[in-house]
Amino acid sequence: MVRTFNTHNIRKQQELTGKYWDFSPCVGKYAGEHFKVATPCCWESHPKFAGYRGEGEYTTTFKTGGNIRLEFKGISHTAEVWLDGRKIAKHYNAYTIFDAVCTNLSYGEHTLTVRADNRFSEKSALHIPNDYMSYGGVSRPVVLEQISDVYIRNVHVTPYKADGKWKAKIEIYLENTKDNKYGDKDCFKINETENISKNNRYVPNGENDIKNSENRSVDVLVNVAGENLIIKNIDAEKNNIVKAEMEFDNINEWTQETPELYYIEVKLLRNEKAFDDLIDRFGFREIKASGKEILLNGEKIRIKGVCRHEDHPQFGCALPFAAIAADIELIKDMGANSIRTSHYPNDEIFLDICDEQGILVWEENHARGLSEENMRNPNFEPQAEKVIEEMIPAHYNHPSIYIWGILNECASDTEYGKECYKKQFDIIRELDTSRPCSFASCKFKTDICFELPDVVSYNIYPLWYHDTEPDEYLDDLYKWVQNETKGVGKPFMITEIGAGGLYGYRNNYDSKWTEEYQAEALRKQLTAVLGYKDCIGVYIWQFCDIRISDEWFGTRPRTMNNKGIVDEFRRKKLAYNVVKEIFNK
Ligand code: ADA
């Protein structure tokens with residue numbers, strides 16, 4: 001399953017995952033042997049590879065021909081891809097989509113090989129040993145598409161209200177298969193010697209003998225919420241962006257209580273015949289940071305949220321639809337209205353469900369707790385910036401995403417770190433001005449970056465890492481931000497608060513790690529934060545217990561982060577009902 005709705009009626013699309021592929025680990029006891037493994041999946045879900053860190057080669061075959069586009073929703077964490085033995089793509093970062101376009105393939109059976117690597121090294125600046133697990137494998141779906149010489153890469157809809165009427169700015173990104181200018185940032189800083197362009201476009205023999213070459217122009221037909229618009233004679237010789245504005249009557253706005261969704265359907269036509277299409281979904285809603293508030297269609301929002309990792313003891317980071325939906329049901333049952341995708345962009349299926357359920361999403365780029373030294377890795381900036389450049393265009397239309405976050409708990413207390421934060425906020429604002437942005441800081445009274453985001457956000461752990469009372473701690477921090485920093489007057493929120501609790505662990509003195517301690521700590525923490533009038537909301541750390549990388553076991557019993565309100569099997573801890581009671585007040 002790729003999305004919760006059809007994204008094409010005309011373009012032929014076929015999921016290549018959702019079945020067994022051949023898997024062969026490259027190192028270790030089973031190196032070179034072959035196994036049938038389910039996809040999409042992490043290799044950790046296979047009993048022989050539950051702790052495997054290394055490279056592994058996945059292979060599948062399919063019948064096709066002509067021009068194809070292969071979309072990889074997520075390979076963990078570094079991918080190299082070959083089609084019939086020719087290298088067609090490489091990509092870094094488990095949590096963003098990449099693609100490869102191959103033209104003029106002969107009709108018949110083709111072999112796709114994906115080499116995934118989840119090792120840690122200097123080459124990988126974001127996937128490092130950390131307080132969550134970097135899994136390995138084809139962890140999100142792979143999709144095969146049949147494309148023409150020109151196809152729709154993407155469409156962005158930006159709804160806005162003016163003079164009491166809903167309007168929308170529409171941008172349609174057309175791509176010409178022979179044009180190789182798309183996204184040419186090299187995120188590896190290694191010498192690429194293979195015959196493959198930096199942007200994963202591979203044309204056999206360096207030629208592209210396109211049919212219809214006598215007719216370079218296309219007509220673009222747009223249908224949004226039942227309204228049609230036709231834009232004629234678009235030059236499709238090169239990649240092109242088609243822009244339009246539309247206005248609408250009788251719109252049902254997207255709100256948390258009534259998350260009404262609308263479709264945009266774009267078609268490309270030649271001689272009145274449609275040959276390509278793209279369908280996406282959006283909601284009529286506007287998000288604005290205004291003074292100390294974030295407004296959703298003019299109404300103040302109050303965040304009662306949880307941070308959630310994509311993690312499950314059976315599925316690793318590759319949760320299937322039903323497991324994601326079950327998580328969201330539990331989160332809603334707890335009374336939460338928002339989820340923070342700590343600490344990376346999430347699967348589109350998760351975002352689709354949040355759109356449908358009216359859950360507000362804080363989506364963030366990939367980074368957790370990087371020190372200045374980590375950030376000085378020459379790969380850090382290109383890799384982290386590329387995550388933003390891939391995340392925002394892909395997720396732009398999701399109405400649930402109300403804010404972009406970056407660089408959780410990185411070096412926002414140093415001048416060098418500040419430069420990196422600034423560059424990344426600049427990239428976000430180039431790509432999207434329709435949402436605010438922020439970062440979750442743990443630098444307390446040493447943070448020097450609050451002039452940069454639209455919203456000031458802190459991760460705090462009173463009653464866990466220190467024993468200060470939560471209300472005193474929060475008040476002191478808030479006043480410091482107002483009196484001493486350029487974050488003064490901005491919306492303020494708590495992006496993490498919580499305490500560890502081991503499922504089933506009790507003692508007579510309710511010490512740390514007991515379920516009782518966790519429940520009481522959360523009661524005090526949440527009461528303080530939700531009662532603080534200048535704080536627009538809170539995210540609990542975290543929804544469920546998660547596996548962490550072995551190298552990071554230090555302060556984490558079971559090699560797990562145990563601050564979940566439910567454990568890794570989604571069994572409720574005592575804290576669950578406390579949260580439910582407070583969130584439902
Ligand atoms: C940090 C971090 C989380 C997690 C948490 C904790 O704030 O952002 O990823 O590590 O602390 O459990 O201490």
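Would you mind pulling out the separation of the Cα centroids of the stretch 230-257 and the stretch 464-537, in Å?
44
What shape does the stretch 302-415 take by its C-alpha gyration tensor, where a ≥ b ≥ c are the square roots of the eigenvalues and a/c under 1.5 counts as rounded, a/b above b/c as prolate, and the rest as oblate?
Prolate shape, in that a/c is at least 1.5 and a/b is the bigger ratio.
Just tell me which aspartates and glutamates come within less than 19 Å, Cα to Cα, of residue 580; anything on the same chain fewer than 8 places away is out.
Residue 580 reaches 257, 327, 329, 333, 496, 515, 516, 520, 545, 567, 568.
Got a sec? How would 366, 8 order by Cβ neighbour count within 10 Å, fewest to most?
So the ranking, lowest neighbour count to highest, is 8, 366.
Count the net charge of all other residues whose Cβ sits under 12 Å from the Cβ of residue 578, scoring Lys and Arg as +1 and Asp and Glu as -1.
Values: positive: 523, 524, 572, 573, 580, 585; negative: 515, 516, 520, 581.
Summing Lys/Arg as +1 and Asp/Glu as -1 gives +2.
Relative to the longest principal Cα axis of the chain, at what angle does helix 515-530 sit, 0 to 90 degrees, rounded to 10?
Roughly 80 degrees, rounded to the nearest 10.
Based on the alpha-carbon gyration tensor of the stretch 356-399 and its eigenvalue square roots a ≥ b ≥ c, which shape applies: rounded if a/c is under 1.5, prolate if not and a/b is larger than b/c, or oblate? The partial results should precede the final answer.
Working: a/c = 6.37, a/b = 2.11, b/c = 3.03.
Verdict is oblate for the stretch 356-399.
Give me the extension gain from residue 167 to residue 29: residue separation times 0.36 nm, minus the current Cα-Cα distance, reported in nm with one decimal.
On the way: separation 138, 0.36 × 138 = 49.68 nm, distance 6.01 nm.
Difference between extended and current length: 43.7 nm.
Above 11 Å lies some portion of the pair distances; for the stretch 451-495, what is it as a whole percent of all C-alpha pairs?
Working: 655 of 990 pairs.
Cα-Cα pairs in the stretch 451-495 separated by more than 11 Å: 66 percent.
What residues qualify as long-range amide H neighbours of residue 276, i.e. H under 5 Å apart, gap of 5 or more or another chain, H built at 1.01 Å from N?
268
Please compute the contact order of the chain in relative form: average sequence separation of alpha-carbon pairs under 8 Å and at least six residues apart, divided by the residue count, as a percent. Present the calculation step by step, with values, prior to reporting the outcome.
On the way: 1395 pairs, mean separation 74.2, N = 585.
Relative contact order of the chain: 13 percent.
With the crude spin-label approximation of a point 7 Å out along Cα→Cβ, what separation in nm comes out for residue 106 versus residue 314?
Inter-label distance under the simple model: 4.4 nm.
Give the angle, between 0 and 90 degrees and rounded to the nearest 10, that separates the Cα long axis of helix 574-583 from the longest principal axis of the Cα atoms of the chain.
It works out to around 80 degrees.
Any of 73/486; 12/165; 445/512; 90/443; 36/386; 87/418 with alpha carbons more than 30 Å apart? Name them for me. Write down the numbers at each step before the final one.
On the way: 73/486 38 Å; 12/165 37 Å; 445/512 26 Å; 90/443 35 Å; 36/386 33 Å; 87/418 38 Å.
From 73/486; 12/165; 445/512; 90/443; 36/386; 87/418, over 30 Å: 73/486; 12/165; 90/443; 36/386; 87/418.
Loop only by DSSP, 12 or fewer other Cβ within 10 Å of the Cβ. Give me the trypsin sites (Lys or Arg not before Pro) in the stretch 94-174 that pass, ordered by residue number.
Details: sites: 115, 119, 123, 153, 161, 165, 167, 169; in loops: 119, 123.
When the trypsin sites (Lys or Arg not before Pro) of the stretch 94-174 are filtered for loop state and at most 12 Cβ neighbours within 10 Å, nothing remains.
Loop only by DSSP, 10 or fewer other Cβ within 10 Å of the Cβ. Give me the trypsin sites (Lys or Arg not before Pro) in the stretch 10-100 that pass, ordered by residue number. Each step should come with its number before you reach the end.
Numbers: sites: 11, 12, 19, 29, 36, 48, 53, 63, 69, 73, 86, 87, 90; in loops: 11, 12, 19, 29, 53, 73.
Loop-located and lightly packed - 19, 29.
Using only the alpha-carbon atoms, how far is helix 348-357 inclined from the longest principal axis of the chain? Give it as 0 to 90 degrees, nearest 10.
60
Distance cut-off 24 Å, Cα to Cα: go down the list 288/533; 304/573; 332/479 and report the pairs above it.
On the way: 288/533 19 Å; 304/573 18 Å; 332/479 32 Å.
From the list (288/533; 304/573; 332/479), the Cα-Cα distance tops 24 Å for 332/479.
Could you run the Karplus curve 6.51 cos²θ - 1.76 cosθ + 1.60 with θ = phi - 60° over the stretch 123-131 and give me ³J(HN,Hα) per residue in whole Hz, x for Gly and Pro?
Calculated HN-Hα couplings, in order: 5, 10, 8, 9, 7, 10, x, 7, 7 Hz.
Which ³J(HN,Hα) values in Hz, rounded to whole numbers, follow from the phi angles of the stretch 165-173 under the Karplus curve 6.51 cos²θ - 1.76 cosθ + 1.60, where θ = phi - 60° and Gly and Pro get x?
Rounded to whole hertz, the list is 10, 7, 10, 8, 8, 10, 10, 10, 9.
From the phi angles alone, apply the Karplus equation (6.51, -1.76, 1.60; θ = phi - 60°) to the stretch 217-228 and give each ³J(HN,Hα) in whole Hz, x where the residue is Gly or Pro.
9, 10, 9, 10, 10, 10, 10, 10, 6, x, 8, 9
Mind putting together the pair-distance distribution for the chain? All Cα pairs, 10 Å bins, whole percent per bin, short to long.
Going out from 0 Å in 10 Å bins, the chain shows 3, 17, 27, 27, 17, 7, 1, 0, 0 percent.
Tell me, 530, 360 in order of fewest to most beta-carbon neighbours within 10 Å? Don't jump to the answer; show the numbers that get you there.
Values: 530 18, 360 24.
Sorted ascending by nearby Cβ count, the order is 530, 360.
Taking square-rooted eigenvalues a ≥ b ≥ c of the alpha carbon gyration tensor, is the stretch 379-421 rounded, prolate or oblate, where a/c under 1.5 means rounded and, failing that, a/b exceeding b/c means prolate?
Details: a/c = 3.70, a/b = 1.78, b/c = 2.08.
It is oblate, given that a/c is not under 1.5 and a/b is not larger than b/c.
All of the numbers you see were taken from the coordinates with simple rules; none came from a lab. If you're wondering where the values come from, they're calculated on a predicted model, not measured in any experiment. For neighbour counting, all protein chains shown are included, and Cβ atoms are generated from backbone atoms with ideal geometry for every residue, glycine included.
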